[in-house]
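Q: The following block contains the structure, expressed as structure tokens.
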Amino acid sequence: MGLPTGVHHLALATRDMKAQLAFFTQVVGMELEALYWMHGVENTVHAFLRLGDTCSLSFVQAPDMATIEPVIGVSHPGFSAGSVAPGAMQHLALSVPTEADLLTMRDRLRSHGYWVAGPVDHNMCKSMYVQAPEGLVLEFATAEGAIDVEQWIDPAVVAHCGITPSELEGFLRPPPFTSQGGKVPQPPPTTRPNFVFTGEWAPRGAVFLQLTDEQIAAALHSPTPPVPRRPAP
């Protein structure tokens, strides 16, 4: 109860929304399902591309992103095994149903001039790799079933990461949690690492971190879509 069951959306930054939408719709074949001004963020565009009924790939374009240069080895890995700063996304893998679908996707990409590596067999999945716009390292993968935990928890890597047997047991079988119905009080904002607000956001961020749940809900409340639904014929 109360556990995540999937990814609702993954949001990536872009300085060229049109180019990203063109790649993911015209090349990859995904459908655009939302394009609107981001909630509560001035002059910032938010887009959603459909992956499933409750799963989307999202892009965000803000004015100042036009002047922020990506740095290979810091913000972007450059290739599928490249390094980036801790916390940054190293690569994105999208799932396709079968190996035949993987080859169809390779045909789609290559027919638009994209160099594709793979498919390669990783046992847990078969994958291929391509460089998408703005340096995004993109993987497409297919798998026949769930990962076999018994085969894919390597004792040598467990030791390398400094994980003890008791810690590993906790990672494999997290302890249960009893919900209090949302009644656990908010801890002080400095208890754990928290949001970092810089530039023009700094004063607003300082205020934001002191708001109550009710105040945050009221400030960010935006339940109305930008385009009214058309009446049924």
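The values are calculated or read from the model by the stated rules, or taken from the named source; none is laboratory data. As the structure is a prediction and not an experimental result, all values here were calculated from the model. Glycine gets a Cβ as well: all are built from the backbone with ideal geometry, and neighbour counts include every protein chain shown.
Q: Would you call Q61 assigned by TED's automatic domain parsing to the domain that holds G40, without any contact (Cβ under 8 Å) to a residue 60 or more places away in the chain and farther than 19 Å from V130 by Cα?
A: Yes, satisfied.
Q: Could I ask something else about it? Looking only at the range 164-181, how many residues end up being of a type in the set (S, T, N, Q), part of a loop (DSSP other than H, G, I, E, B) and farther than 30 Å from E214 by Cβ?
A: Within the range 164-181, residues that are of a type in the set (S, T, N, Q), part of a loop (DSSP other than H, G, I, E, B) and farther than 30 Å from E214 by Cβ number 1.
Q: When the residues of the range 26-41 are narrowed to those that are out of contact with any strand residue (DSSP E or B) (no Cβ under 7 Å at 6 or more places or on another chain) and outside any loop (DSSP other than H, G, I, E, B), which ends up surrounded by the fewest Cβ atoms within 10 Å (Cβ to Cβ)?
A: That would be Q26.
Q: Okay, moving on. Of the numbered conditions (1) loosely packed, with under 10 Cβ neighbours inside 10 Å; (2) over 27 Å from the mean Cα position of the chain (by Cα), R192 satisfies every one except a single condition; which is it?
A: The failed condition is (2).
Q: Confirm whether E139 is charged (D, E, K, R) and under 21 Å from the mean Cα position of the chain (by Cα).
A: Here the answer is yes, as E139 does meet what is asked.
Q: Out of the residues in the range 25-41 that are of a type outside the set (A, V, I, L, M) and closer than 19 Å to S95 by Cα, which is farthest from the chain's Cα centre (by Cα)?
A: Q26
Q: V149 passes all but one of (1) aliphatic (A, V, I, L, M); (2) surrounded by fewer than 11 Cβ atoms within 10 Å (Cβ to Cβ); (3) closer than 21 Å to T14 by Cα; which number fails?
A: Evaluating V149 over (1) aliphatic (A, V, I, L, M); (2) surrounded by fewer than 11 Cβ atoms within 10 Å (Cβ to Cβ); (3) closer than 21 Å to T14 by Cα leaves (3) as the failure.
Q: Does the range 82-103 hold any residues that are surrounded by 13 or more Cβ atoms within 10 Å (Cβ to Cβ) and either of a type in the set (V, I, T) or touching a helix residue (DSSP H, G or I) at 6+ places or on another chain (Cβ under 6 Å) (or both), and which are they?
A: V84, V96
Q: Go through V184, V227, V196, V207 for me and flag whichever is among the β-branched types (V, I, T) and outside any loop (DSSP other than H, G, I, E, B).
A: The conditions single out V207.
Q: Can you work out which of the residues in the range 116-127 that are among the aliphatic types (A, V, I, L, M) and out of contact with any Lys or Arg (no Cβ under 6 Å at 6 or more places or on another chain) is surrounded by the fewest Cβ atoms within 10 Å (Cβ to Cβ)?
A: Once the filter is applied, the top-ranked residue is V120.
Q: If you don't mind, there's one more thing I want to ask. So which residues in the range 53-62 are in a strand (DSSP E or B) and either out of contact with any Phe, Trp or Tyr (no Cβ under 9 Å at 6 or more places or on another chain) or closer than 23 Å to S127 by Cα (or both), if there are any at all?
A: Matches in the range 53-62: C55, S56, L57, S58, V60, Q61.
Q: Among the numbered conditions (1) over 25 Å from V130 (Cα atoms); (2) in a strand (DSSP E or B), tell me where R50 comes up short.
A: Tallying (1) over 25 Å from V130 (Cα atoms); (2) in a strand (DSSP E or B), R50 fails exactly one: (1).
Q: Could I ask something else about it? Out of F48, F59, I need the residue that is of a type in the set (A, V, I, L, M, F, W, C), in contact with an Asp or Glu (Cβ under 6 Å, 6 or more places away or on another chain) and within 27 Å of T224 (Cβ to Cβ). Which one?
A: None of the other options fit; the residue is F48.
Q: Here are F171, F140: which of them is in the same structural domain as V28 (by TED's automatic domain parsing) and among the aromatic types (F, W, Y)?
A: F140
Q: Here's a follow-up. In the range 72-81, how many residues are surrounded by fewer than 14 Cβ atoms within 10 Å (Cβ to Cβ) and over 26 Å from V196 (Cα atoms)?
A: 2
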